[in-house]
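The values are calculated or read from the model by the stated rules, or taken from the named source; none is laboratory data. What you see is a predicted model, and the numbers here were worked out from it, not measured in a lab. Cβ: placed from backbone, ideal geometry, glycine included. Neighbour counts: every protein chain shown.
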Amino acid sequence: DAGVTQSPTHLIKTRGQQVTLRCSPISGHKSVSWYQQVLGQGPQFIFQYYEKEERGRGNFPDRFSARQFPNYSSELNVNALLLGDSALYLCASSLGRGGRTWDGANVLTFGAGSRLTVL
Amino acid sequence: GNSVTQMEGPVTLSEEAFLTINCTYTATGYPSLFWYVQYPGEGLQLLLKATKADDKGSNKGFEATYRKETTSFHLEKGSVQVSDSAVYFCALKGNTPLVFGKGTRLSVIA
């Protein structure tokens with residue numbers, strides 16, 4: 001079975017531009033989460049979507065937005081790029097909507113990430 | 001709020017040495033605890049987890065025990081291999097999104 005797939009794997013943008021990152025979850029998973037991993041740091045939560053509705057938002061500016069489609073794939077958009085947006089953007093999927101992980105339904109499976117460089 | 005603190009790296013060990021990476025947490029309620037591993041150029045992979053106090057998670061020779069009394073979830077392996085070289089992240093999850101530590105880079109030399 002395919003895991004979580006993300007595209008593109010690498011991209012380079014300049015300040016002020018806009019970027020769209022894409023994520024396809026594991027088949028059957030209805031929840032998608034986005035994380036930003038700056039070099040040398042742990043991943044930081046950006047968004048979670050479940051059944052096409054936003055279920056959580058981290059401490060990121062409004063330049064960051066996301067959506068989930070009927071097939072549960074997702075896009076992350078970042079407008080007006082800044083140098084500090086350079087990072088590895090990770091998508092993760094899970095079966096459940098994001099509560100506790102007693103039965104594994106809410107355990108996240110991560111994709112390999114999209115590495116964004118802003119010049 | 002919830003937070004995770006793990007020992008800073010890098011950690012450099014010889015092959016077959018014993019590994020400990022310390023992780024402590026602050027959380028309300030009873031979170032689940034995880035160790036994720038990130039190999040060079042790859043995304044995060046779940047290494048092991050524990051969902052309640054005194055649970056021991058184990059996988060690929062790695063172990064970690066959920067210690068509520070010390071709010072810790074230290075990662076251990078009895079004999080590391082060169083292929084274990086990676087960055088290891090401790091993480092917790094309650095009724096909130098997954099919260100990660102900053103990561104500990106492990107380098108194992110032959």
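Give me the residue from the range A:54-71 that is among the charged types (D, E, K, R) and free of Cβ contacts under 8 Å to residues at least 24 places away in the same chain and, out of that set, surrounded by the fewest Cβ atoms within 10 Å (Cβ to Cβ). This residue is A:ASP62.
A quick yes/no check of all residues on (1) under 16 Å from A:ASN106 (Cα atoms); (2) modelled with pLDDT under 95; (3) of a type in the set (Ser, Thr, Tyr):
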{"position": "A:TRP34", "(1), (2), (3)": "yes, no, no"}
{"position": "A:GLU53", "(1), (2), (3)": "no, yes, no"}
{"position": "A:GLY58", "(1), (2), (3)": "no, yes, no"}
{"position": "A:ASP62", "(1), (2), (3)": "no, no, no"}
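Can you confirm whether the range B:70-80 contains a residue that is touching a residue at least 12 places away in the same chain (Cβ under 8 Å), at the interface with chain A (Cβ under 8 Å from one of its Cβ atoms) and in a strand (DSSP E or B)? No: the range B:70-80 contains no residue that is touching a residue at least 12 places away in the same chain (Cβ under 8 Å), at the interface with chain A (Cβ under 8 Å from one of its Cβ atoms) and in a strand (DSSP E or B).
Answer yes if at least one residue in the range A:69-79 is under 17 Å from A:THR9 (Cα atoms) and assigned to a loop (DSSP other than H, G, I, E, B), and no otherwise. Steps first, please.
First pass over the range A:69-79, keeping only residues under 17 Å from A:THR9 (Cα atoms): A:73-78.
With the extra rule that they be assigned to a loop (DSSP other than H, G, I, E, B), the set shrinks to A:73.
Within the range A:69-79, one or more residues are under 17 Å from A:THR9 (Cα atoms) and assigned to a loop (DSSP other than H, G, I, E, B).
Of the residues in the range B:62-77, none is among the charged types (D, E, K, R), at pLDDT below 95, over 13 Å from the mean Cα position of the chain (by Cα) and closer than 22 Å to A:GLN48 by Cα. Do we find that B:THR26 is over 14 Å from the mean Cα position of the chain (by Cα) and not aromatic (Phe, Trp, Tyr) in this structure? Taking the combined requirement at face value, the residue satisfies it.
Looking only at the range A:1-55, residues that are closer than 23 Å to B:TYR36 by Cβ and either within 13 Å of chain B (Cβ to nearest Cβ) or part of a strand (DSSP E or B) (or both) come to 33 in all.
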